[in-house]
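As structure tokens, the structure follows; a few thoughts come after it.
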Amino acid sequence: MTNVSSAADTSAGPVSTGPAVRVGGNPFRFFLRLRLGDIIAIAPFIIFALLFLLIPTLGLVVGAFQDPQGNFTLQNVMDLATPQIAASFWISIRVSVTSAVLGAAIGLAIALAIIRGKLPSGIRSAVMTFSGVASQFAGIPLSFAFLATLGRLGLVTVLLKFAGFDLYKSGFNLLSFWGLTITYLYFQIPLMILIIAPAIDGLKKEWGEAAATLGATNGQFWRYIGLPVLWPNLLGTLSLLFANAFGAIATAYALTGSSLNIVPILLYAQIRGDVLHNPGLGAALALGMIVITALANIVYLVIRTRAERWLK
Amino acid sequence: MKPAKLWSWLIFAFGAAYFIVPLLATFEFSLRIRREGYTFDAYTSVFSDGRFQASFSYSLIVGVCAILAGLLIVVPAAYYVRLRAPHLRPIIEFITLLPLVIPAIILVFGYIRMYNTSSPLPLLGTNLGTDILLTLAYVALALPYMYRAVDTGLRTIDVQTLTEAANILGANQATIIAKVIFPNIIVAVLSGAFLTLAIVIGEFTIASLLNRQVFGVYMQNVGANRAFEPAALAVISFVITWGAMGMIQLLARFAPKTARRD
Amino acid sequence: MAEEFLRIDKLVKAFGGNQVVKGVDLSFNKGEFVSLLGPSGCGKTTILRMIAGFERPDSGRILVEGKDISGLAPNQRKIGMVFQAYALFPNMNVADNIGFGLKIAGMPKPQREARTEEMLQLIGLSGYGKRYPFELSGGQQQRVALARALAPSPRMLLLDEPLSALDAKIRVSLREQIRQIQRELGITTVFVTHDQEEALSISDRIVVLNTGNVEQFGQPFEIYNRPQTRFVATFVGTLNTLNATVADAGAKTVTLGGTTVTIPALPASARNGEAVALTMRPEAVSLANGATRDIVLDGKVAEVSFLGSVIRLKVDLGDNAVNLDTFNDQRTPPPAHGAPVRIGIASSDVLVLER
């Protein structure tokens, strides 16, 4: 649990450089000091990162610009604009944005309630522990859980029908945009709670009291001080939640099969059986996913840099 | 009761309902397999399924291998960066965070194109090669968590002093890592290991596209063909995740002691 | 008779069964600078927080200009407050921090900027408006916090140990600055501190608190020279205690170190043969070289502490020991350790505390 939050903290914060290195004045000293032991220590990591993270990803980026014969082409990227693929991207972005924004908002509300809402202290640690578990409870079993809850035979559906309300006749369907979003919230909200709790702890009680003595209402405190102070953290978490939802496939696949054509499912089908009849188009699809998650992070970095003025 | 406190309770109650109801519903659903009433037959059916045993033990083995391989890759690198090359830290941390941004499906797609039978390194040509690729893919998935865990562990102990003390006593780098650093960060490492296990045990995307019969793929198959067993599997999965995360909580209690004792 | 501004009436507050303020009555005048002085846990901060509105009294009333404000929320009280840890808003620069209260009050921007500039000048930080709090020193941050509290022209100022987080030198200069600004504005101010020297130097009047009760309320001169309770006498300043026995209660004489002396302050309730503690400030004891004091005792120098302008000697009197302060005199070195000395005490400076 701590690991989740610390990993995310780093993604949401400036990278610390740790204690100063003790390299001598001579610039060649570093290389002279680079002993066999050092190389052995760092080599596995570098080789692994190249072979299993960087080169495979770059290979896809290059592949997106190659035709089957290996010549440069922009056709694959332009083919992303075909209605089927564009629709996939659109629904993926909608699900990811909605689940990230709702997850962040609800997660923030719950985190505020348990930290600043004067609830018994035991509740906080219970919620944090549960969040550690729930944030990892994703994929296939999560879809089973929601089928058992909100599926046609699910407990909630049955109970509501018993109470005289037919969920499915009212237009709800678990195998839909909203169904998927509600399901994704099950891991998005806990992730938000885990990441934002330390930031909320950083809001000093005196800021609220100072604002109150200056005439501010509770709402004005949050508008002018609380949220602006949390803002960089909120944005960082938002981009992480977005990436988290955008790349997720197992939950959606087990829940909806291929009835909800989000991008990862389309890509999955393409890898399985070349449904797009063009390997280069698959790579372009992957490129599109990389670009969108990268954009989300760049937006975050830009806004964060602007907030950096007052962040120590 | 003040309105603010009332709101807190309302929000908490709403959250608690959203998170607890699906668990109750799943459990209730898993008991519904017989018309005549609640039974644990769905669980019996799952546990006695040969494919459950096979896929679960396969996932467990791959998970343990991924943890070991991950440690071999991460511990020396984290130690090296912290002690001898702090200026490399931003680059290394950036790399370790990539798996949070690059979706698993992209990674596996890249692997399939890079390690196919006609490539210079045709890992996908053999069963063993594919197993290795799956293991390394899981190392990649767990990299952010593993690296953070190890790095946090290193931060809590004074690596510099310990290394210098060991150097004075005549130990070489390998001995230092194995005998001095590692025992000190074992708690942090185990936390990372359990988190890795929690992530790996239900993983579906990568294994499915590499055609490996892991627990996640088995669950998906059951989900597509059965009605009540999936709910039982979801309950089992939740218990496993809870167990892994619970171990981390438990370990966290021992962590400061280790740091202080040394 | 000065005009009453703040009145605290039978104020009681308990936290979980532990009563920290036990029926406090106080009345402060308009424009007065009052310190609440006491050790930690004496209830001083709780009283301040009840005036600010952060804590609700269990019973009792707080009246400002005759009106009960107990029912008002903190943001309706128009009371400025400065906190120990500055509590500047980190996301706003100095000007925005100072202007925050004005913005909330709906003051148009041009007036707001003029007022902010005026406040910056008041605290001597003109030109710092665009800086962020983390770019300022502790003393500068606390001055900004003061300006922020004063900008909306509150009817009263509360200071919650505003100097404790600062270095000794800045503490003294800032306390003088606070006092000067307070005089200039004539704003009624309540200052919470555990530092008696701070309270004595800055206040018009001091409330000495102990375990939730008011021990004494008066001017610094009175508090120091005429402490009404043993707690006040020992908490404020250094106090010597000499053990004596009542010789003749009617004649107000006691036996001290083998001699009989008259103590005007001996209470009428004293009985012959009873043990009493005679107390006096170190500066009331002098080296009796030529000086004429009615109590004269012989002893040996046990310790010499050179404090700069003052030299404090600890003199061993056999069954008693006293600290005495003498001014530094560059022509006369202090007596050496172990040297025999004769000390003199004016019996009119002696207080008698019940044991």
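Each value in this text was obtained by applying a stated rule to the coordinates, not by laboratory testing. Given the structure is predicted, the values throughout are model-derived calculations rather than measurements. Note: ideal-geometry Cβ built from the backbone for every residue, glycine included; neighbour counts use all protein chains shown.
For the range C:4-235, the fraction of C-alpha pairs farther apart than 28 angstrom is 30 percent. Computed from Cα positions, the angle between helix C:168-185 and the longest principal axis of chain C comes to roughly 60 degrees. All alpha carbon pair distances within the range A:168-312 were sorted into 10 Å bins beginning at 0; the resulting P(r) in whole percents reads 10, 27, 28, 20, 12, 4, 1. What are the membrane-span-like helices in chain B by this rule: whole DSSP H runs, Cα extent along the axis at least 20 Å, mean Kyte-Doolittle hydropathy at least -1.0? Helices meeting the span and hydropathy rule in chain B are B:3-30, B:50-83, B:127-156, B:186-201, B:229-261. Here the spin labels are modelled as points 7 Å beyond Cα on the Cα-Cβ line, and at residue C:114 and residue A:58 they lie 6.4 nm apart.
So if R0 is 41 Å, what FRET efficiency would residue C:243 and residue C:22 give, r being the distance between their Cβ atoms, rounded to the nearest 0.05? Rounded to the nearest 0.05, the efficiency is 0.80.
For the range C:198-321, the Cα gyration tensor yields ellipsoid semi-axes of 27, 22, 12 Å (square root of five times each eigenvalue, largest first, whole Å).
Working out 0.36 nm times the residue gap between residue B:226 and residue B:112, then minus their Cα-Cα distance, what length gain in nm do you get to one decimal?
Working: separation 114, 0.36 × 114 = 41.04 nm, distance 3.06 nm.
So the extension gain works out to 38.0 nm.
Summed over qualifying helices (DSSP H, 4 residues or more, each -39500 (n - 2.57)) and divided by its residue number, the protein assembly as shown shows a 222 nm mean residue ellipticity of -17500 deg cm²/dmol. The angle between the Cα long axis of helix C:94-104 and the longest principal axis of the Cα atoms of chain C comes to about 70 degrees, rounded to the nearest 10.
The label-point distance for residue B:20 and residue C:268, in a model that sets each label 7 Å from Cα toward Cβ, rounds to 7.2 nm. Taking the fewest neighbouring Cβ atoms within 10 Å as the starting point, the ordered list for C:42, B:65 is B:65, C:42. Kirkwood Rh over alpha-carbon pairs of the protein assembly as shown, then Stokes-Einstein at 4 °C and 1.567 mPa s: what D in µm² s⁻¹, rounded to an integer? Diffusion coefficient, whole number: 39 µm²/s. Here's the picture: a label point sits 7 Å out from the Cα of residue A:75 along the beta-carbon direction, and within the range A:240-283 the residues with their amide nitrogen under 16 Å of it are A:276-283. Between the range C:242-288 and the range A:199-276, the C-alpha centres lie 77 angstrom from each other.
Could you please state, rounded to a whole Å, how far the C-alpha centre of the range C:1-26 is from the C-alpha centre of the range B:63-121? For the range C:1-26 versus the range B:63-121, the Cα centre distance is 65 Å.
Between the Cα long axis of helix C:138-150 and the first principal axis of chain C there is an angle of about 60°, rounded to the nearest 10.
How high is the FRET efficiency from residue C:321 to residue C:184, r the C-beta distance, R0 51 Å, rounded to 0.05?
Working: r = 46 Å, r/R0 = 0.91.
Efficiency for this residue pair is about 0.65.
The Cα-based radius of gyration and maximum Cα-Cα distance (Dmax) for chain A are 23.7, 81 Å. For A:206, C:32, the sequence from fewest to most other C-beta atoms within 10 Å is A:206, C:32. Shown here: the range B:76-217, whose C-alpha atoms stretch 51, 31, 27 Å along the first, second and third principal axes, sorted largest to smallest. Helix screen, chain A: DSSP H segments with Cα axial length of 27 Å or more and mean Kyte-Doolittle hydropathy at least -1.0 are A:83-116, A:177-201, A:227-247, A:279-307.
Between residue C:331 and residue A:123, the distance separating the two model label sites (each 7 Å from Cα on the Cα→Cβ line) works out to 7.7 nm.
Highest mobility in the GNM of chain A, judged by mean-square fluctuation with C-alpha springs under 10 Å and restricted to A:224, A:184, A:268, is found for A:224.
When C:30, C:314 are sorted by how many other C-beta atoms sit within 10 angstrom of their C-beta, beginning with the fewest, the order is C:30, C:314. Round to a whole angstrom and tell me the spacing of the C-alpha centers of the range A:79-123 and the range C:74-125. About 36 Å separates the Cα centre of the range A:79-123 from the one of the range C:74-125.
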